[in-house]
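A.B. asks: The structure under discussion is supplied below as structure tokens; questions concerning it will follow.
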Number of protein chains: 2
Amino acid sequence: MRPTIKDVAKKAKVSTATVSRIVNKLDGYSDETRERVLSTISALGYRRNAVARGLVRRSVNTVGVLLQGIETRAHLLGHSVIVCNTSSDGERTIEYLDVLGERRVDGILFTSERVKPAYARAFKELAIPVVLVSSFSRDYPLPYVKVDDEAAARDMTRYLIDKGHRRIALITGSEKDSIAGAPRIRGFRRAMKEAGLPVPEGWVVQGDFHYKSGYRAMGELLERARGMTAVFATSDEMALGALSCSFSAGLRVPADLSVVGYDDTLDAEMAIPPLTTVHQPIREMGERATAILLGSEEERRSVILPHAIVERGSVKEVVR
Amino acid sequence: MRPTIKDVAKKAKVSTATVSRIVNKLDGYSDETRERVLSTISALGYRRNAVARGLVRRSVNTVGVLLQGIETRAHLLGHSVIVCNTSSDGERTIEYLDVLGERRVDGILFTSERVKPAYARAFKELAIPVVLVSSFSRDYPLPYVKVDDEAAARDMTRYLIDKGHRRIALITGSEKDSIAGAPRIRGFRRAMKEAGLPVPEGWVVQGDFHYKSGYRAMGELLERARGMTAVFATSDEMALGALSCSFSAGLRVPADLSVVGYDDTLDAEMAIPPLTTVHQPIREMGERATAILLGSEEERRSVILPHAIVERGSVKEVVR
DNA sequence: CTGAAAGCGCTTACAG
DNA sequence: CTGAAAGCGCTTACAG
């Protein structure tokens with residue numbers, strides 16, 4: 001059982017009223033009492049229950065937002081969804097984990113970021129089920145739902161090879177990113193190797209999944225990758241950057257160069273030309289993840305969902 | 001005061017236990033009791049308090065989602081945010097309003113959709129403050145934060161005129177849409193009129209703000225708008241559609257045709273060419289709206305935020 | 001089929 | 001500076 005304010009009060013030999021005052025930073029206690037209560041709190045790992053507090057205060061510190069067209073992954077049937085926008089450097093992640101814990105949510109969908117030790121610790125303390133969406137952890141046995149990134153990258157590379165391409169460059173995330181980086185690089189290299197194709201030095205350029213990095217990476221490739229006929233960017237945004245850069249350089253896609261992406265976001269469809277890309281079943285991922293979260297203990301198993309290649313207009317068939 | 005389960009019990013002359021059973025659809029009551037309680041409930045306008053329920057049940061029917069890169073407008077400092085993804089036909093809106101009410105959120109940010117009478121009624125019953133974001137209502141005195149759509153559309157049209165364009169077409173939302181439709185059409189027509197420029201029959205084409213409709217609209221314009229040198233689409237997505245369609249038709253933007261949008265989404269920046277568009281201060285709108293929601297009664301005033309035109313690469317200066 | 005009562009985990013006058 | 005006690009609005013054994 002999670003410790004309550006009563007447990008703290010008993011252990012610190014004060015009343016719950018005093019604990020409450022201290023926790024809420026009101027006044028009416030000696031420094032000495034404060035110290036004692038505070039250390040009891042951290043010893044016990046006590047965390048305020050925002051639900052009980054909300055009942056008394058008649059305010060739950062939450063605003064509802066009704067809007068159209070938010071990303072599908074934020075929409076999960078049945079339950080309410082509290083969205084926390086973490087920054088990419090993970091700065092606010094722990095903080096948010098705390099509020100989710102205080103509010104006693106039934107489960108947490110964790111996405112995109114690597115599970116750092118501090119997060120794993122927080123998950124354990126919170127005692128709230130977690131599932132990783134479109135992610136996974138080598139270090140902690142957390143259930144996940146994702147696509148097989150290596151297989152997907154391999155398939156896309158093979159697709160390009162089947163279309164007659166032999167000189168293919170890769171724009172990728174970091175090799176150190178064990179989720180969306182390394183596996184996709186592996187898949188690419190593997191397909192090339194299996195086809196007996198070389199990957200010249202400098203033809204694998206690192207970006208950060210965003211537009212600008214794709215643009216920049218394409219600039220580098222244009223300088224050094226002589227003879228390249230296709231570029232595989234491991235995110236749609238980077239592929240769009242590659243598209244823009246190619247366009248600026250006077251290249252026509254796919255006539256002069258083929259470009260493919262990864263994700264199948266709305267942007268892929270709106271690109272000029274429409275982007276051939278790896279489709280991730282985002283909506284289903286969300287649904288399956290929720291099912292895992294809310295299901296029984298035995299149902300709490302990871303799942304790998306099938307990916308697909310959606311063909312649009314950014315690849316040219318090259319005849320040799 | 002909102003009625004509680006006690007009020008219902010007293011009025012229906014049963015215990016709260018019985019009311020609870022009925023509300024939760026358990027068994028253990030006669031049909032007669034059920035009818036009586038149910039009608040008392042609707043007479044009183046009773047709605048279950050999900051906070052109290054969550055305290056007892058130790059489950060709040062909420063899952064937290066931690067993710068990176070969700071739309072800024074869903075991120076509001078301090079408070080937790082529950083996101084409800086309404087469909088564009090407003091199908092689930094009332095339903096969601098209900099759960100937000102049950103969960104006793106401190107306020108509701110309502111966006112995009114017109115305030116229908118049923119919503120206005122729900123707002124009143126819920127007794128939860130509401131603010132309209134990037135929207136407003138002629139019929140109900142709800143506070144809003146938005147940009148002046150008519151002025152923005154007029155400014156963008158003038159911008160085009162200043163660049164030497166005289167034959168300008170408009171791709172717009174519905175004339176009946178009093179939020180994002182009519183005002184922008186008015187702004188456009190007004191600027192044209194002030195400059196003594198004609199708007200030929202058929203040069204104003206209706207879309208639905210999405211990509212495909214922009215593509216289709218552009219197709220129509222290409223057929224009938226002879227001599228057109230610029231197109232103003234009142235959403236970035238429609239502008240992207242116009243871009244794609246122009247590209248397919250072999251037109252170069254901006255060399256052969258200038259295209260501008262409205263919104264300044266991420267897509268505008270990634271377009272080929274980068275799109276000149278009307279910027280709405282989305283982030284600030286969210287912050288101001290929250291401030292209105294959480295502020296005191298006097299602070300509950302509407303605000304109109306300044307728009308801006310961000311110049312990128314989709315407009316050509318035409319010399320006459 | 002129904003109710004009295006305890007309890008969920010807090011906060012908040014009130015009294016000292 | 002501190003505590004006893006009531007209360008927030010429900011649910012849930014338990015007893016009848």
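The values are calculated or read from the model by the stated rules, or taken from the named source; none is laboratory data. For clarity, every value in this text was computed on a predicted model and none was experimentally measured. Note: ideal-geometry Cβ built from the backbone for every residue, glycine included; neighbour counts use all protein chains shown.
A.B. asks: Kindly list the number of the only condition in (1) acidic (Asp, Glu); (2) more than 25 Å from A:Tyr215 (Cβ to Cβ); (3) within 14 Å of chain A (Cβ to nearest Cβ) that fails for B:Glu237.
C.D. replies: In the conditions (1) acidic (Asp, Glu); (2) more than 25 Å from A:Tyr215 (Cβ to Cβ); (3) within 14 Å of chain A (Cβ to nearest Cβ), B:Glu237 misses (2) alone.
A.B. asks: Looking only at the range B:185-206, count how many residues are in contact (Cβ under 8 Å) with a residue 24 or more places away in the chain and within 25 Å of the chain's Cα centre (by Cα).
C.D. replies: 8
A.B. asks: Within the range A:257-301, restricting attention to residues that are more than 16 Å from the chain's Cα centre (by Cα) and hydroxyl-bearing (Ser, Thr, Tyr), which residue is farthest from A:Ile171 (Cα to Cα)?
C.D. replies: Here the answer is A:Ser296.
A.B. asks: Anything in the range B:16-32 that is of a type outside the set (A, V, I, L, M), more than 19 Å from B:Asp98 (Cα to Cα) and either buried (at least 18 other Cβ atoms within 10 Å of the Cβ) or at pLDDT below 90 (or both)? List them, or say none.
C.D. replies: Within the range B:16-32, B:Thr18, B:Arg21, B:Asp27, B:Gly28, B:Tyr29, B:Ser30, B:Asp31, B:Glu32 qualify.
A.B. asks: Whether any residue in the range A:267-285 is touching a Leu at 6+ places or on another chain (Cβ under 9 Å), farther than 20 Å from A:Arg154 by Cβ and of a type in the set (S, T, N, Q) is what I want to check.
C.D. replies: no
A.B. asks: Exactly one of (1) near DNA strand C (Cβ under 9 Å from one of its atoms); (2) away from chain A (no Cβ under 14 Å) is unmet by B:Val23. Its number?
C.D. replies: (1)
A.B. asks: I want to confirm something. Restricting to the range B:204-234 and keeping residues that are within 17 Å of B:Gly313 (Cα to Cα) and aliphatic (A, V, I, L, M), which single residue is nearest to the other protein chains (Cβ to nearest Cβ)?
C.D. replies: B:Ala233
Conditions (1) among the acidic types (Asp, Glu); (2) in a helix (DSSP H, G or I), marked per residue:
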site	(1), (2)
A:Leu132	no, no
A:Ser137	no, no
A:Met156	no, yes
A:Arg166	no, no
A:Ile171	no, no
A:Glu175	yes, no
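A.B. asks: Take B:Asp177 and tell me if it is touching a Gly at 6+ places or on another chain (Cβ under 8 Å), within 14 Å of chain A (Cβ to nearest Cβ) and charged (D, E, K, R).
C.D. replies: The answer is no for B:Asp177.
A.B. asks: Are any residues in the range B:202-231 small (Gly, Ala, Ser) and buried (at least 18 other Cβ atoms within 10 Å of the Cβ), and if so, which ones?
C.D. replies: The answer is B:Gly207, B:Ser213, B:Gly214, B:Ala217, B:Ala225, B:Ala230.
A.B. asks: While we're here: Could you check the range B:8-68 for helices (runs of 4 or more DSSP H) lying wholly inside it with 1 or more residues that are over 28 Å from A:Thr290 (Cα atoms) and without any contact (Cβ under 8 Å) to a residue 24 or more places away in the chain?
C.D. replies: Once the helices (runs of 4 or more DSSP H) in the range B:8-68 are filtered for at least 1 residues that are over 28 Å from A:Thr290 (Cα atoms) and without any contact (Cβ under 8 Å) to a residue 24 or more places away in the chain, what remains is B:16-23, B:31-44.
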